[in-house]
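Quick notes on the structure that follows.
Bear in mind these aren't lab numbers, they're just calculated from the coordinates by the rules spelled out. Here the structure is a predicted model, which means the values were calculated and not measured. Cβ placement follows ideal geometry from the backbone for every residue including glycine, while neighbour counts extend to all protein chains displayed.
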Amino acid sequence: MQALVVAMQKQWNATAMMSPPSSGALASFDSGLLVTPPPGLQYGYVPIVTSQRLAPATRPPRPVRTLICVRDHHTRRVRSRAPHCPPGWRAT
């Protein structure tokens, strides 16, 4: 059965299924509901949209900051998006 469906989809994809209507207009599709099947499953696979979600909000990455920490006569540079000095060290 699967081989038959794959063969039909390959043949139908290359030819027009029916003549254009002599009157009226064809139905339209919401392009958001048309999905692309995963690689290797272009034939014999019917992707069905079952849910919709908002895309995650994108925001620019926070810059990397450098903090100079001091303990006794020693200094240490800490680089991070949210740097903090290790215990026993203080920021200058």
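Look at the alpha carbon pairs under 8 Å that are at least 6 residues apart: their mean separation over the length of the chain gives a relative contact order of 19 percent. In order along the stretch 17-30, the Karplus-derived 3J(HN,Hα) couplings, from 6.51 cos²θ - 1.76 cosθ + 1.60 at θ = phi - 60°, round to 6, 7, 5, x, x, 7, 8, x, 9, 6, 5, 10, 10, 6 Hz, and Gly and Pro are given as x. If you bin all the Cα-Cα distances of the chain at 10 Å, starting from zero, the percentages per bin are 11, 19, 17, 11, 10, 12, 10, 7, 1, 0. If R0 is 22 Å, the Cβ-Cβ spacing of A7 and T50 corresponds to a FRET efficiency of close to 0.20.
The long axis of helix 2-14 is offset from the longest Cα principal axis of the chain by roughly 80 degrees.
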